[in-house]
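Read through the structure below, which is laid out as structure tokens, and then see the notes.
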Amino acid sequence: MKLLIIGPQGSGKGTQAQIISKKLNIPHISTGDLLRQTEGNLKKQVNEIIKKGELIPDNLMLRILKQRLNKDDAKKGFILDGFPRNKKQSDLLKKVTEINKVIEIILSDEEAIKRISSRLSCMLCGAVFNKITNPPKKEGICDNCKGGLYQREDDKPEAVKKRLEVYHKETQPILKEYQNKIIKINGEQSIENIAKEIKEKLE
Ligand code: AMP
């Protein structure tokens, strides 16, 4: 199954994508994680853009994504988180592969900002926790790999405002292109309930 998960920052799409990935045994491919793992001479340029909450140029993004999609584990399916983010990327994706279903998580900006300000990410494996709604078992330590937790530079208020602006202006409009494949989910529920709803609607 080839899935997209789309929603504003803080909607819990990364968390849900990890749950779905385990259940369906398909890789969770997060373009944000791929970019944060960039090494070599692209690293500085990529980090500068991410810090400001802006988008990486489409061609570079697609090149990185294609490399990941070509790996063996993605052949039978995947859940793609963070891509496409605009019309150009959606057109490019259509040329590369066909998507079966699109999960849209709906959340107000007010709630998104509230959640992001208490979000923590793992330095090693990229797992996401929330100080209030989904705290790690041990403070500052990732439950999965024992890596250290930190607040991402782009989870700071100015960058979050910019990222939500980009989401409404560039990402939300592409949802209409997947109209007959969309599963809409209310993001203002517990992680468990959202996971249950997604599972039921995917079946
Ligand atoms: P995320 O972890 O999905 O919130 O992504 C973090 C940052 O990575 C974004 O704010 C962008 O700067 C960059 N990024 C992630 N995915 C994309 C994409 N599909 N196109 C361009 N930039 C991206």
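The values are calculated or read from the model by the stated rules, or taken from the named source; none is laboratory data. In this text, all values refer to a predicted model and were calculated from it rather than measured experimentally. Here the Cβ positions follow ideal geometry from the backbone for every residue, glycine too, while neighbour counts run over all protein chains shown.
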Inset, instruction - Could you grab me the full set of residues in region 147-199 that are more than 12 Å from the ligand (Cβ to nearest atom) and of a type in the set (S, T, N, Q)? - result: Gln151, Gln172, Gln179, Asn180, Asn186, Gln189, Ser190, Asn193
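Against the definition (surrounded by fewer than 18 Cβ atoms within 10 Å (Cβ to Cβ) and at pLDDT 95 or above), how does Lys169 come out, yes or no? Talk me through it step by step, then tell me what you get.
On the way: surrounded by fewer than 18 Cβ atoms within 10 Å (Cβ to Cβ): yes; at pLDDT 95 or above: yes.
Spelling it out, Lys169 is indeed surrounded by fewer than 18 Cβ atoms within 10 Å (Cβ to Cβ) and at pLDDT 95 or above.
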Inset, instruction - Report, ordered by the first and then the second residue, all pairs with beta carbons closer than 7 Å, sequence separation of six or more or different chains, a first member in region 179-203 that is surrounded by 12 or more Cβ atoms within 10 Å (Cβ to Cβ), and a second member that is at pLDDT 95 or above and of a type in the set (Gly, Ala, Ser). - result: Gly187/Gly7; Ile194/Gly187
Legend entry - Looking only at region 84-97, and only at residues there that are out of contact with any Phe, Trp or Tyr (no Cβ under 8 Å at 6 or more places or on another chain) and free of Cβ contacts under 8 Å to residues at least 60 places away in the same chain, the one that is surrounded by the most Cβ atoms within 10 Å (Cβ to Cβ): Leu92
Legend entry - Residue match in region 98-117 (condition: free of Cβ contacts under 8 Å to residues at least 60 places away in the same chain and either small (Gly, Ala, Ser) or in contact with a strand residue (DSSP E or B) (Cβ under 6 Å, 6 or more places away or on another chain) (or both)): yes
Legend entry - Matching option when the condition is out of contact with any helix residue (DSSP H, G or I) (no Cβ under 7 Å at 6 or more places or on another chain), of a type in the set (Lys, Arg) and within 28 Å of Met1 (Cα to Cα), among Lys114, Lys176, Lys156: Lys176
Legend entry - Residue that is of a type in the set (Val, Ile, Thr), touching a residue at least 60 places away in the same chain (Cβ under 8 Å), closer than 21 Å to Val166 by Cα and surrounded by 15 or more Cβ atoms within 10 Å (Cβ to Cβ), where the choices are Ile56, Ile50: Ile50
Inset, instruction - Identify, by number, the condition in (1) touching a Gly at 6+ places or on another chain (Cβ under 7 Å); (2) at positive phi that Asp81 doesn't meet. - result: (2)
Inset, instruction - Sort through Glu158, Glu139 and tell me the only one that's exposed (fewer than 12 other Cβ atoms within 10 Å of the Cβ) and touching a residue at least 60 places away in the same chain (Cβ under 8 Å). - result: Glu158
